[in-house]
Each structure stands twice: as structure tokens, then as C-alpha cells.
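This report concerns only the one structure given below.
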Amino acid sequence: MTLAHALDGIRVLDLSRLLPGPFLTMILADMGADVVKVEDKGMGDYLRSFPPAKGGIAGRFLAVNRNKRSVTMDLKNDDDRAKFLKMVAKADVVVESFRPGVMKRLGVDYDTLREHNDKIILCSISGYGKDGPYVKRAGHDLNYLALGGVVAMSAEARGRKPAISGVQIADVCGGSMWGAVSVLGAIIGRDKNGEGAHLDISMTEGAMAMLCTEFGNMDAGGEVPTRGTSMLNGSVACYAVYETKDGKYMSVGSLEPKFWAALGAAIGRKMDYSEVIAPQETQDKVRAELAEIFATKTRDEWTEILKDHDCCCEPVLELDEVMEHPMHKERGVFFTQDGGELGPILQMRTPTGMPEMKRVAPRQGEHNDEVFAEYGVD
């Protein structure tokens, strides 16, 4: 199933830069929304300049800005601000990721937008939200995850220094995903009650939402959750990563009795489910035994052995290996877009399905004449 035309007719003006906002608007564009990147006349979206690049456009930028058009405006300029507000009158959604207060200083805050379109939906993405004691505080993904408790839950084992996430969880899950869900909800709500909305998306709170079950456990009288102390973050031998003979790794997630028994049958070790819920001393002993066993064969040898045993064990793939995995190939997760002078451009679809590829990521201001004419802007 694909949602490539679900948002046909929805107009989005995207003032955001870097990752959270552009990833959000790519999701909307993949579902058919007409997304116009409104970039300043200087650098534009900073993500354009991050190496490495293809044909002068950053690889990261190409990955999250397909199916969009770009115009350039200086919102500090009265004439350009007037143009933008005229476009707002015909738009459905505005997305921005400035620090709280910037939109007001530019003269395009929610109250001003509503004067030109009382049904407009403004999605504001920020690190800590549009109010509160941290409203003017700068931050990055790591800071948001730290304040949200996510960093404290991540480490190789109990008592170790917290680990840095290998992906931007707060940016993408906390900002882009929650932003997209909220925009879609606001569109449905507007269709019911005729009212727009100002969405306040805090990346810290978005990341923290993933810990809701851990807060539930704590509230129920459990210990304060932290790294290496719960079943899903490093305390048990049946849910861990093991190094193989060739220096690669296998993931083991044999939590349930039948999976734990199946793993034992596959690796030639008798498994007693009492080990899964045993005290930490026993867990450490079992972990050491499994480490010795997995170190006797290569990752690919273990993958071949374990594939016929239903035991929740999979190889840890590097990114170039992910692209070649038969499951991802068969499901068409990766595809190549014709970039014209840029050559073929690697793209990855989201779980919303295969998008209709209308255009590659735009060059800065590439669609000024076309877009301004459509919006009736001089």
C-alpha cells in the first residue's frame, strides 16, 4: 500500500533547515503534499553545504528533500515578508524550526499568519518547546536525549559510561515523526471544526515519549531504570550483542522460552529458561558462555546456522550491507532516482510506501518564478 496521493492538494511552506523539519516535510511530500522550501537568499538550508556532496549538493540534503520546490526570500525585508504572507493566505501548513521567538521577530508568528489565513496550521519544532525555562536555550540531539533520560538508558553494560546514540533520535523520532503525526491530526481536525492550529513540537519531549513504559515501571514501584539494569537494555544474556570469530557481531533477542530453547538447540547448549530471569551473577556467567560459543564461528556462518531456527537472532549489518540485504531488496526499500546532471541518486522510501518521484531535491531558489506565479506573488 502506498500513500503517494493521500495529501494531494495540501500546500506546505517549509521554513525549516537541517534535519527535523525537512525530514517531516519530505514525509508530507511523499504523501502528495506540495512542499515549497522557503530559503533565505544567503546560505539557504545549511544542510546543502555538509560534505560529502554529489554535483555540488550534499548527500544528506538529497536524501531528505525530494519532491520539493525551492524559493528564496529574505523575511527581514518588508517586501519579501509581504510576499510570504500572501503565500500563507493560500497555504495549508507552515513548518519552522527556529528557536522560539524568531518567528515573532521576523513578523511571521502564528498570530500574524492567522490574520492572513485563520485556517493555517503552524508546526513549530524546537529543542525544548515554545515556553518554559529552556525556551531560549540552544541544544543538539545529544542534549535533548540527555535531558529526556534516553542517554542514561544506553550503555554496553551496567555501570558503564552512557553511550551516544548512533542516529539522531530526537531530531527524527522526536521532531520529524511527532511533527508529521501532529500535522496530519491538525489537518483532520481542521476539516472537522474549520480551525487551524499552532503545534508545539519539543524534540526533547518527543524522544522522552519513547520511555513512557519505563516511567510506568518506576511508578509501579520498580527500581529507577538505567543502563544495563533492565531486560531490554543490557542486563540479560538473552538480549545482547555477541562478537563473532571474524570481529563482526550477532544480535540475540531470545526473550521468550521457546526462542531461548531454539537458540540452545542451534548452538548446542542446553538452555534453561530460569537463566533468562536469573540474578545478575548468573546472567554474567551465561553471557560469558555465549560469548565463547559465538566466537567460534564467523558472523555469516552463524547467520546460516541460525536461519532455520526460530530464535530471534540476526546479524549486525553495516550500512553498505543493509542495502544489499535480500529482504530490503525484495521490499523495495532502496531505489535510485534519475538526478539528471547529478547522475543516479540513492533514495530510501519511508514506511508510508513508495512515493511518486516528481523531482529531485531542488537547488536553492530553483522554482522562484514557477512558485510565485502559482501563489499569485509578484
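The values are calculated or read from the model by the stated rules, or taken from the named source; none is laboratory data. Predicted model, so just to flag it, every value in this text is computed and none were measured. Ideal geometry is used to build each Cβ from the backbone, glycine not excepted, and the neighbour counts take in all protein chains shown.
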Might you check whether a residue that is of a type in the set (A, V, I, L, M, F, W, C), at pLDDT below 95 and out of contact with any strand residue (DSSP E or B) (no Cβ under 6 Å at 6 or more places or on another chain) occurs anywhere in the range 98-106? no
When MET271 is evaluated against the numbered criteria (1) surrounded by 20 or more Cβ atoms within 10 Å (Cβ to Cβ); (2) assigned to a loop (DSSP other than H, G, I, E, B); (3) not assigned by TED's automatic domain parsing to the domain that holds LYS307, which criterion, by number, is the only one it fails? (3)
Here's a check for you: in the range 55-65, which residue that is at pLDDT 95 or above and surrounded by fewer than 21 Cβ atoms within 10 Å (Cβ to Cβ) is nearest to ALA29 (Cα to Cα)? ALA63
Quick check, is GLY343 in the same structural domain as GLU156 (by TED's automatic domain parsing), under 28 Å from ALA180 (Cα atoms) and touching a residue at least 40 places away in the same chain (Cβ under 8 Å)? no
Flag if GLU281 is surrounded by fewer than 20 Cβ atoms within 10 Å (Cβ to Cβ) and at pLDDT below 95: yes
Extreme residue, nearest to TYR239 (Cα to Cα), among residues of the range 287-309 that are of a type in the set (D, E, K, R) and assigned to a helix (DSSP H, G or I): ARG287
List the pairs whose first member sits in the range 105-118 and is without any contact (Cβ under 8 Å) to a residue 12 or more places away in the chain, whose second member is surrounded by fewer than 15 Cβ atoms within 10 Å (Cβ to Cβ) and part of a helix (DSSP H, G or I), and whose Cβ atoms are under 9 Å apart, counting only residues at least 6 apart or on separate chains? ASP111/LYS104
If you check ALA261, ALA237, ALA265, which single one turns out to be loosely packed, with under 14 Cβ neighbours inside 10 Å and over 20 Å from VAL150 (Cβ atoms)? ALA265
Regarding the range 315-330, can at least one residue be identified that is exposed (fewer than 11 other Cβ atoms within 10 Å of the Cβ), part of a loop (DSSP other than H, G, I, E, B) and of a type outside the set (D, E, K, R)? no
For the range 177-211, name all the residues that are among the hydrophobic types (A, V, I, L, M, F, W, C), part of a helix (DSSP H, G or I) and under 18 Å from the mean Cα position of the chain (by Cα). MET177, TRP178, ALA180, VAL181, VAL183, LEU184, MET203, ALA207, MET208, ALA209, MET210, LEU211
